[in-house]
Ligand code: SF4
C-alpha cells in the first residue's frame, strides 16, 4: 500500500468488542483524524484464533470465512491487535490452503495492517502531545513482536509524545502468559507468568502500562487489580488519542 | 483432563511452580544463557544467513535420509567402525549389553548422550549388573542424586551450589563440605580421573554423523567425552538416525549454530571427530568402535511433511532457554526425557498423543522457540498441528499415535456454539449484548476459576464496538 | 523375523514415499577474510579469552620461550611424541634443569600408569582457526591422542602460516573429505565446565592449562 488510501476497513477484534470498545473507538478516531474514511463491517466477529490454536481448525476456518466475506473490497484492513493481525495476515493463507478461498485469503492477508504499523508506515502520522508529563511502560504482545514485527512502530508512536517517558520492561520480549485458552487450560503456569510480568511492570516505576493487544491487557491488568496494584493499563490507541486531544 | 496419561502433568506443573528454589535457580540460569547467546550472535544478518544454511543442510539430510544412512554405514564399516541398527529402545540397549558381555566388562564410563536417556540405558545396564558412570559433571551430579537431566544441555541446572555441596559431601566418600564451585569441580575431577583410568567401555552420543567420510562428531567442553572415546579399549556411540549429515562441509555451519545457540560459545573447548578405531601403529584410542543407530519412532515422524521438521533438531536447547513455560517449570515437570518446546513437539510423536499430548498444549504459542531455533523448526506450527491431531479421529498414513484422544462431546459443542456465534451476525450481537448486561457478575466457577485465581474477572462493556460504530454512523461497507 | 536394519529401512522407505520434501539451496555463511596478521591476532585474542596462554614467537626463538615457560613451573615431566620434527628439536637440546622429557613410545595399555602421572604434554598442531579461535590437531602414530588430554598442562606449537580464516576454509583447502584421520580435533582452550550454576571454571577433566606458541 504505497499511497495513502481514502478508505480503510477496521477490524475491531472480539475482545475489544466485548471488553475494550473504547480502545476500538480510539483506533477509529485516530484514523479519522488523518482523513481516513473508516469502514466498519457490522458482520465482522472474531479472527478465529481461539479455535485455530486449540485444535479446531475447521471451526476456525468457518469463522475466518465470515471475515473474508465482510472485508471483501480492496481496502486496507486495520487491526488494533498484533495478535489478531498476525492471525489474519499469516495464518489465513495457511488455513485456506487447498480451499476454494485460497487466493482470496492471500489477497486478504496482503491488506492487513496492525494499527500502529498503519499509522506509522502508511500514514506517517505526527503526534502533538498535549498531556501532562507521565512515565509509562510498554508490553509487547508476542505476535506483534514475532509474527507482525510491529513493536518498533508502536514504541515509535509513544516516543513521539513529548511529555511521555517510556521506561522499558526488563523482559519486554517475554510472554505475559495469556495465550488465549492456555490461561484457562493451564492456569497455574499462566499465573506464574503473569505474576512475573506484573513484577516487571512494577519495577519500572511507571504510572501506566501500555499495550497494543487486549488479550495481554486483560491478563496483566486483571492480575494487577487482583493484587491491588494501582497501575492502570491501557490500549495504546486510547492513550494516544487522549494525549493528542487534551 | 480427559486423557489417561502415564504422567500427571497438572500435578507435576503445580509442584514445580511451588518450588521457590527451583524457580530462582532456573530464572538465573536461563537469563544468563539467553544473554550469552545474544552476545555471540550480535550480528543479526550473519545469524539469519547462518540459520538459513543450517535449515537447508538439515532439510537436505532428511530428504535423502535412507541413502545417507546407507552411505554412513558403508563408510563407517570401511573405516572399521561396527554399525548396529535398533528399531526400538530395547534393541539398542541389547546391542550395548551384548558388546559389554563379549568383552566381559563391568565398568562403563559415559559421556553425555540424550539418546541414551531416551532408551534408559543406564537403568537397563545397572539391572544387568553393569556399573555405569556418567562423567559429564552435570550428569555426574544428577546421577549421584538418582535424577534425570532437567535440561538437554545443562542437565543439573535445576540445582544450585548448596544443593550440590550437600550431595557431594553425602555421596562421595571422604569429601569435606564445600560450596566453592572450583573445589566442587576439583572433587569431581579427582573422583572421575580414577574412573577414566579404569573404564573398560566408553559410551558417547553423537552430535553429527558425516555420511561422506563415516565420521562421528562430538561437541564438548570438559574433556570427559574425549576420555570416554579414547582411553577405554572399546567405544560405543549411539545416535538417533536423524543425526546424519551428507558432507563434511555441512559440519562447520552446524557447529557454529549449535555451540552459539546452546551456551553462547563461538566454539566448545573440544570438537572431536572420530573416523576409525585405533589403527596399526597408533598408540592409543579404542581398538573397537561401535555405532548404534536408533530409530525409535523417528522413521514414522519422517513420513509427514510438516511433522518431519522435528527431525531437523540439533538439540541445542535454545528453545528451552527461551521458553517462558520451561523457564518456570524446569525439565522434570514434563515427566519425559525431552522437555521444553522441542520435547513438546518430539515426545507426543515418540510416546503417543494419548500419553504425552498435554505437552503440546503447555505453550502459549508465543513463538520465542521458533524465533531462536538455529535450524528454523517452526515449533509453534508443529505444536498447533499436534493439537489438531489430538482431536482428529481420522486415520491416515501419517497419523500420530493416539490421535483423536482428546475428542469429546462437550468441547465439540462449545466450539460449535462459538462458531455459530461468530458466523451469524445477529447471534453475535445478541450474545455480546447479553454479556454486556451481565457485566462483571459472571460466576467464578468452571473455566473461569483458573482465570480468577490470580486475576479479577473480565469486565464486559455495556455497549460493544459494533453498537458504538453504528451509533457513530460508520459505514458498513 | 527380519533384522532391525531391514525394519528400519522399510519404515524409512515408506516414509520417503510420502514425498513433499522441500530442500532450499544451501547457501553460505557470511565470509570472513582476514589478513595474516589479523588471523594471528584474532586467534590469540579469542583463545586468551578462553584462558589459554598464547605467545607469538620467532622461529629461532620458540625453544627458548618454551624452556623459560617450563622453568617457571614446577613440573614433573613433559611427555611428547617421538619421531616428529618437534621431537627432533626438543631431544638434542634438552637441559638438566628442565622437567624430564618423556617419550610416549608404548601403547596406552602399557603407558597408562605413567601417562596419568605426568604433569605436562607437548604436541604439534595441524593448523588454527581464526574465526572462532581454535587449534586443529590430527593425532597420529607418532603423536597419540591422549597427549593433549591427560596431562594437566598442554603445550601446543602452532605455525602462523597454518592459521585459516574459518573451519570450513581449513577443511576445504586441505580436502579433508578425501581422507579423515582416526581422530581429528579442534581445541579452543583448557578443559572447562559451567555445569554448576553456569559458573565457568577451567580444568575439569582435561588439561587445566593450555599454552600455545605461535611460531611466526
Ligand atoms: S528445536 Fe531448535 S532450538 Fe530447540 S533444541 Fe532443537 S535445534 Fe535447538
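Which of the three applies to segment B:41-296, rounded, prolate or oblate, going by the alpha-carbon gyration tensor with a ≥ b ≥ c and a/c under 1.5 meaning rounded?
oblate
If I take every Cα pair under 8 Å that is 6 or more residues apart in segment B:41-296, average their sequence separation and divide by the length, what percent do I get for the relative contact order?
28 percent
Counting helices only, and only those DSSP H runs with n ≥ 4, report the 222 nm mean residue ellipticity of chain B as the sum of -39,500 (n - 2.57) divided by its residues, in deg cm²/dmol to the nearest 500.
Here the helix-only value at 222 nm equals -15000 deg cm²/dmol.
Give me the inter-chain shielding for C:166-175: mean count of other chain Cβ atoms within 10 Å, whole number please.
Mean inter-chain Cβ contacts per residue within 10 Å come to 3.
Work out the mean other chain Cβ neighbour count within 10 Å for the residues of B:374-386 and drop it here as an integer.
1
Where a ≥ b ≥ c are the square roots of the eigenvalues of the C-alpha gyration tensor, would you call segment B:147-212 rounded, which needs a/c under 1.5, or, failing that, prolate if a/b is larger than b/c, or oblate?
oblate
Run the helix sum for chain C: -39,500 (n - 2.57) per DSSP H stretch of 4+ residues, divided by residue count, reported at 222 nm to the nearest 500 deg cm²/dmol.
Result for chain C, helices only: -8500 deg cm²/dmol.
If I model segment A:7-122 as equal point scatterers sitting on the Cα atoms and use the Debye formula, what is log10 I(q)/I(0) at q = 0.14, 0.17 Å⁻¹?
With one equal scatterer per Cα and no solvent, log10 I(q)/I(0) is -0.52, -0.76.
Taking a ≥ b ≥ c as the square roots of the eigenvalues of the Cα gyration tensor of segment B:225-368, is the shape rounded (a/c under 1.5), prolate (a/b larger than b/c) or oblate?
Prolate, because a/c is 1.5 or more and a/b exceeds b/c.
Suppose each label sits 7 Å from its Cα in the direction of the beta carbon; what would the residue B:179-residue C:37 distance come out to in nanometres?
Taking the simple label geometry, residue B:179 and residue C:37 are separated by 5.1 nm.
With a 10 Å cut-off between alpha carbons and a GNM built on chain C, which of C:204, C:79, C:56 moves the most?
C:204
I need the calculated FRET efficiency for the pair residue B:477 and residue B:394, taking r as the beta carbon distance and R₀ as 60 Å, to the nearest 0.05.
0.95
Apply 1/(1 + (r/R0)^6) to the Cβ-Cβ distance of residue B:194 and residue A:226, taking R0 = 45 Å, and write down the FRET efficiency to the nearest 0.05.
Efficiency at R0 = 45 Å is approximately 0.20.
If you take every DSSP beta bridge whose two residues both sit in the protein assembly as shown, what share of them, in percent to the nearest 5, is antiparallel?
Counting DSSP beta bridges with both partners in the protein assembly as shown, the antiparallel share is about 25 percent.
Measuring from the lowest to the highest alpha carbon on each principal axis, how far does segment B:314-381 reach, largest first, in angstroms?
So the extents along the principal axes, rounded to whole Å, are 28, 22, 21.
Write down the percent of antiparallel bridges among all DSSP beta bridges whose residues are both part of segment B:41-296, to the nearest 5.
The antiparallel fraction comes to roughly 25 percent.
Among B:82-95, C:58-71, how do they line up from the highest to the lowest mean number of other beta-carbon atoms within 10 Å?
B:82-95, C:58-71
Take peptides C:15-25, A:206-216, B:52-62 and line them up by average Cβ neighbours within 10 Å, highest first, as a rough protection proxy.
A:206-216, B:52-62, C:15-25
How big is segment B:7-149 in terms of Cα radius of gyration and Dmax, in angstroms?
20.5, 55
Give the dimensionless ratio obtained when the Cα radius of gyration of chain A is divided by 2.2 N^0.38 Å.
Compactness ratio reported: 0.99.
Counting only other chains, what is the mean number of Cβ atoms within 10 angstrom of the Cβ of each residue in peptide B:209-218?
If you average over the peptide's residues, the count of other-chain Cβ atoms is 2.
Over segment C:35-215, with a single point scatterer placed on each C-alpha, what log10 of the ratio I(q)/I(0) does the Debye formula yield at q = 0.09, 0.14, 0.18 1/Å?
Debye output, listed in q order: -0.31, -0.77, -1.27.
Given segment C:1-69 reduced to its alpha-carbon atoms as identical point scatterers, what log10 I(q)/I(0) does the Debye formula return at q = 0.15, 0.24 Å⁻¹?
Debye output, listed in q order: -0.72, -1.10.
GNM on chain C, C-alpha springs below 10 Å: top fluctuator among C:127, C:27, C:83?
Among C:127, C:27, C:83, the largest mean-square fluctuation in the Gaussian network model of chain C belongs to C:27.
Which FRET efficiency value, to the nearest 0.05, is calculated for residue B:430 and residue A:90 with the Förster distance at 22 angstrom and r the Cβ-Cβ distance?
0.10
Calculate the spin-label point distance for residue B:123 paired with residue C:64, positioning each point 7 Å from the Cα along the beta-carbon direction, and give it in nanometres.
Here the answer is 6.4 nm between the modelled labels.
Can you list the equivalent-ellipsoid semi-axes of the protein assembly as shown, largest first and in whole Å, using the square root of 5 times each Cα gyration tensor eigenvalue?
Taking √(5λ) for each Cα gyration eigenvalue gives 56, 30, 26 Å.
Can you tell me the orientation of helix B:340-351 relative to chain B, as the angle in degrees between its alpha-carbon axis and the longest Cα principal axis, to the nearest 10?
For helix B:340-351, the angle is close to 80 degrees.
Taking the highest mean first, how do the peptides B:125-131, C:182-188, B:415-421 order by number of other beta carbon atoms within 10 angstrom per residue?
C:182-188, B:415-421, B:125-131
What residue among C:132, C:52, C:193 shows peak mean-square fluctuation when chain C is described by a Gaussian network model with Cα springs under 10 Å?
C:193
Using alpha-carbon pairs under 8 Å, 6+ residues apart, how would you state the relative contact order of chain C in percent?
RCO, chain C: 25 percent.
Would you calculate, for chain A, the mean residue ellipticity at 222 nm contributed by helices, counting each DSSP H stretch of 4 or more residues as -39,500 (n - 2.57) and dividing by all residues, to the nearest 500?
Helix-only estimate at 222 nm: -12500 deg cm²/dmol.
No value in this document is a laboratory result; all are computed from the given coordinates. Source: prediction; values computed, not measured. Cβ sites come from the backbone with ideal geometry, for glycine too, and all protein chains shown count toward neighbours.
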